[in-house]
Structure formats: C-alpha cells, structure tokens
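Everything on this sheet refers to the single structure shown next.
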Amino acid sequence: MLALVSPALLVILALIVLPVGWLAWQSIYHDGFTLENYRRVFTEDVYWRSFALTFEISLAVTAIALLLGYPVAYLANSVPKGWSILILSLVVLPFWTSVLVRAYAWLALLQRTGVINQFLRYLDVISEPLALVHNTFGTVVATVHILLPFMVLPLYATMQKIPNDLMQAGASLGASPSLTFMRVFLPLSLPGVLAGCTMVFVLCLGFYITPELLGGGRTVMVSMLVSRNVELYNQFGAASAVAVVLLISVLVIFFVVSRFISLDRVLGQK
Amino acid sequence: MMRASPARIALYVVSALVLVYLILPVLIIAPISFSSARFLTFPPPSFSLRWYQQYFSNPAWMQATRVTLTVALLTVVIATPFGVAAAYAISQSKLRIMRLIHLALLLPLVVPIIITAVGIFFVYAKVGLVATMPGLVLANVMLGLPYVVISVLAGLQSFDPAQEMVARSLGMNRLRSFFAVTLPQIKSSVVAGGIFAFISAMDETIVALFISGGQYQPLTKRMFTALRDEIDPTIAAISTLMTAASFMLVLLASARQKRSG
C-alpha cells in the first residue's frame, strides 16, 4: 500500500515540502545563522503596514462574504430542490472562471470609463467618474467575488443538516419566526459559519493576483511583499521570512479552528 | 413560513442582488470580446471578430496556448494515475501513517499558493528547472493531485471493498481485480478528478509567474503581464474562450458524476 502512495507522496515532498522547508532555512541562514530577516519583518514599517493591511482586508472580506453569503445559503436551503440547485449553480459558476479572467472583468466594470461609471453618468447620478478600482475598494470587491463560493458552500452544507422539525417545534411553542431563527437556526448554523469564515480568511491572507491587478500598486498585501522582494530587490532572505510568517499565521488559524470543528469540513470534503 | 413576510421578501431581494454580483462579471466579458472598439466600452459600438483574429494570428499568444494545453494534458496524464493509486491505498490501508499521508496530499490546498510558488522557484533555480517544460508540468502535477485524491476518495466511499475480495477469492490478483472490478465503478470520479486537475493546470497563474519564462510561458502568465501593462480586448477574447472551455469541462465532469449517482 505504501508503494501505491509513494509516487504522489514523492511529488508532494519534492514540490511543496522541500520548497517550503527551503524557504524556512533560507529565512534564518545566510553565511551563518541570523534572525536579521525576522527583525526586519517585525520592526520595519513597510512590512508591518503590509501585514496589518492584509489582516484588515482579510477581515473585511470575510465579514462582507458572510453578510452576502448567509442569505443566499439560507434561501438555497429553504426553497424546493430545483430552485436550490439553480441558486447553487449560479454560486459555483464564477468559481470555474479563471481568477485572471475575473480580474479583467472587474477592470472592465469598475474603471473610470467602465460599465458602472458610464451607467451612473448616463443616469446623471454622478458628474465625475468614481474611483472604483486601482485602490483597496476595487481589491475588496473582486476578492469577495472570488471567495464567496467558499463561504456559501459550507454554510449550505451545514444548514442542510439542521432538521426542519426543530424550527417547527420552536414555532409550535409560540416563538415568532425571527425568534426561532435567532435561538435555534442561527446557533446550529455556526459550525458552517466558522468553516466558511476560516476558508475565506485564510485564502484571502495569501491573495496575490487580485490585489496586484486591481490594487493599483497602493494596496500592498503580504503576497506582493514576497513577490517584490524576490523579483525586484533580490531579497531572498526577507521574502522567505515574510512567507514563513504568513504560513505560520495560516497554520495557527487552521490549528485553532480544528479545535472546534473538523478540518475536513473547512476543506470542503464533507 | 412560506408566506411572503417582509423578512422573506428582503431575503429574496438580497439574494437576487448577490447572485447578480456573482454572475455579472462572468457575463460581461463575452460582449466586450466581440466589440470593435479599441478600448473598453460598453455597450460595444459594433460587432467584430478582430480581437479573436488578433489572438489567433499572434505567434506569441499561439505559442503560449500550446504551452498551456501541453502542460494541462501532461498534468492530467501524470496526476490522475498518481492520485488514483494514492486514494486507493489511503482508503484500503489501515496503517496509521496513511492518515498523515492523506493530510500531506492535501497540502497544496492549505499552503498559500504564493509561498509554494516562491519556494518552488528557489528549488528550481538550484536544479536548473526554471523556464523549462518539465518544471512547469511537475509543479502542476503537485497542484492537481489534491483534486484527484479528493474526488477518487469520495468515489471509493460508496464502493464496497468486499466486491474486490470476491474477485480475488475467484483467483484474480490484486491488480487485475482493481482494473476489472473497482476501476469501472469509480470511473466517474476518476474522470472528474482528472478534469479538475486539467482546469487547475489551465488556470494556474502564480507559480507560472515565478518559474516559467522564455518560450515556455503559459497563457495565464502572458495574460497577467498584458493586464498589468495595458488592457487590450484581445484578453477578452482569450478570456471568453478559456471560460467556455472551463464550463464545458465542468459540465462534462458533473454529467459523469451524476451518472455514477
């Protein structure tokens, strides 16, 4: 049996375990052991600001995705099967469009001469085009769009398992629909909320293409810090240290969350 | 509860708006790709195929397309058997280490892709795999493996291993019984996993940005550079074709999965 897994395992070891190990090594070793790279990451302004910004954006994206995703998952769960399949297909549809293609679409929609600005000017709502892209706003709009399916699917999966009888029991005991929702449905859907939020937050922490193309150079997320240190400045040690800190953040989040719910649920396997 | 209370109506409205938000960007690209305008204008002034012509007549885009298709095909050819073998072993074996190996095979989904990309770049730089075809294929095999493993494991869950025992008790060896009894029953999940690996390789951008170069640049890397420098509707034409390809593959995959029921 071990022989059967070995080709796959070898690929994983050579192409992800070794490279990440290499990064970790490179972050602390350069002609001798040094913590210089980590000192820079934790004390220099550029790094600090980028980490803070990345966490802020990830929190905002997660909150918005939850606010937008919960009603959709709730609706999909409460309508007849045919409708829920339609709703879920619409949710998953963009999922199968390349992230690059969607970045392009958002540029087309949001830029100064883009669809939305032209439409608003046509309606005479605005006289000057709004700055909707090449800033943090555009990054968040496009990032939520990409990550929303990761929120809706675990929410829907969890809601599916909540027995309808419970809601009816609440109603028969005289609770209003909103009270039944708050006291019965919402608490029971929390594992799905946690799973969805974890996945969205963690994926957002490492986002690269969207902020690079839609952030206009001002929204420097951690991933861009890594790539710039490699491509522009040849600061391999610094890039590695940033990558290691990012990876540790992600692993810590997964570890903490796994105390509460099964990780299989977060990774969408159940 | 099915009465249209104000809360219910609000739910419909909010959900409809969210769905529009999800779908709109996917739908907007095709009209732009058929526009005659040099710059992004919507609605397009008139219908034209010039951006498709640009794409098909540009040697650089064509070379990139060949690279993408070759990489995606080779990825499927390698990742599918590797993933099937691994999933089979994980589901059949009772060794405790299998649990750990299972988790290791899902690592590409857990580690932020930018970290994987930079790490692979450093390793490739040492062994001379940067800007080569084998380097690109290997990286995509690694990234595609989890999809095959997850899909096939799900397929194996509904398969009764006793059937294979029966085949073996009738004198087949393990390998033959796998191909004669097990594989036909999990075929749909194998095909679905392979298709997901193909789409993953076709869409992969970040690792390619770091490790590909010269004549071995996939479509996504060229698109990324083009998007960063200047926006040209040629990208819309390519995007439309890519999206159409993805959707057809997904439909194929889900049709197969449904048939396995």
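The values are calculated or read from the model by the stated rules, or taken from the named source; none is laboratory data. Please read these numbers as outputs of a predicted model, since none were measured by experiment. As a convention, Cβ positions derive from the backbone with ideal geometry for all residues, glycine included, and neighbour counts pool all protein chains shown.
Anything in segment A:14-42 that is in a helix (DSSP H, G or I), within 14 Å of another protein chain (Cβ to nearest Cβ) and either in contact with a Gly (Cβ under 7 Å, 6 or more places away or on another chain) or over 30 Å from B:LEU129 (Cα atoms) (or both)? List them, or say none.
A:PRO19, A:VAL20, A:TRP22, A:LEU23, A:GLN26, A:SER27, A:ASN37 - these are the residues of segment A:14-42 that are in a helix (DSSP H, G or I), within 14 Å of another protein chain (Cβ to nearest Cβ) and either in contact with a Gly (Cβ under 7 Å, 6 or more places away or on another chain) or over 30 Å from B:LEU129 (Cα atoms) (or both).
Among the residues of segment B:164-190, which ones are touching a residue at least 24 places away in the same chain (Cβ under 8 Å) and either buried (at least 19 other Cβ atoms within 10 Å of the Cβ) or farther than 25 Å from B:ALA72 by Cα (or both)?
Across segment B:164-190, the qualifying residues are B:PHE178, B:THR182, B:GLN185, B:ILE186, B:SER188, B:SER189, B:VAL190.
If we scan segment A:49-69, do we find a residue that is surrounded by 18 or more Cβ atoms within 10 Å (Cβ to Cβ) and over 24 Å from B:ILE113 (Cα atoms)?
Yes.
Just name the residue that is farthest from B:SER189 (Cα to Cα) out of those in segment B:76-96 that are at pLDDT below 90 and more than 8 Å from chain A (Cβ to nearest Cβ). Talk me through it step by step, then tell me what you get.
Of the residues in segment B:76-96, the ones at pLDDT below 90 are B:92-96.
Applying the additional criterion that residues be more than 8 Å from chain A (Cβ to nearest Cβ) yields B:94, B:96.
Details: B:LYS94: 22, B:ARG96: 25 Å.
Result: B:ARG96.
With respect to B:LEU17, determine if the residue is more than 7 Å from chain A (Cβ to nearest Cβ) and in a helix (DSSP H, G or I).
When the stated conditions are applied, B:LEU17 passes them.
It is to be established whether one or more residues within segment A:43-61 are over 30 Å from A:PRO154 (Cα atoms) and outside any helix (DSSP H, G or I).
Checked segment A:43-61: at least one residue is over 30 Å from A:PRO154 (Cα atoms) and outside any helix (DSSP H, G or I).
Sort through B:ALA192, B:ALA236, B:ALA180, B:ALA208 and tell me the only one that's closer than 18 Å to B:ILE78 by Cα and among the small types (Gly, Ala, Ser).
B:ALA192
Can you list residue pairs whose Cβ atoms sit under 8 Å apart, with the first residue in segment B:47-73 being in contact (Cβ under 8 Å) with a residue 24 or more places away in the chain and the second being among the basic types (Lys, Arg) and surrounded by 13 or more Cβ atoms within 10 Å (Cβ to Cβ)? Count only pairs 6 or more apart in sequence or on different chains.
B:ALA60/B:ARG222; B:TRP61/B:ARG222; B:ALA64/B:LYS221; B:ALA64/B:ARG222
Would you mind listing the helices (runs of 4 or more DSSP H) fully within segment B:174-254 where at least 2 residues are within 16 Å of the chain's Cα centre (by Cα) and more than 11 Å from chain A (Cβ to nearest Cβ)? Walk me through it before giving the result.
On the way: elements: B:174-177, B:183-203, B:206-211, B:219-229.
Ranges flagged: B:183-203.
What residue, among those in segment A:116-137 that are within 21 Å of A:GLY215 (Cα to Cα) and among the β-branched types (Val, Ile, Thr), is surrounded by the most Cβ atoms within 10 Å (Cβ to Cβ)?
So the residue we want is A:VAL133.
Mind counting the residues in segment A:197-224 that are within 14 Å of chain B (Cβ to nearest Cβ) and assigned to a helix (DSSP H, G or I)?
17
Can you tell which of B:ALA125, B:ALA86, B:ALA131 is under 22 Å from the mean Cα position of the chain (by Cα), of a type in the set (Gly, Ala, Ser) and on the phi < 0 side of the Ramachandran plot?
Values: B:ALA125 fails: under 22 Å from the mean Cα position of the chain (by Cα); B:ALA131 fails: on the phi < 0 side of the Ramachandran plot.
It is B:ALA86.
If you go through segment A:228-241, how many residues are more than 17 Å from A:GLU212 (Cα to Cα) and touching a residue at least 12 places away in the same chain (Cβ under 8 Å)?
The number of residues fulfilling the criteria is 5.
What is the number of the single condition among (1) of a type outside the set (Lys, Arg); (2) in a helix (DSSP H, G or I); (3) under 30 Å from B:THR225 (Cα atoms); (4) at pLDDT below 85 that A:THR113 does not meet?
(2)
Please work out which residue is nearest to the chain's Cα centre (by Cα), limiting yourself to segment B:152-163 and to residues that are touching a residue at least 60 places away in the same chain (Cβ under 8 Å) and in a helix (DSSP H, G or I).
Among them, the one singled out is B:VAL152.
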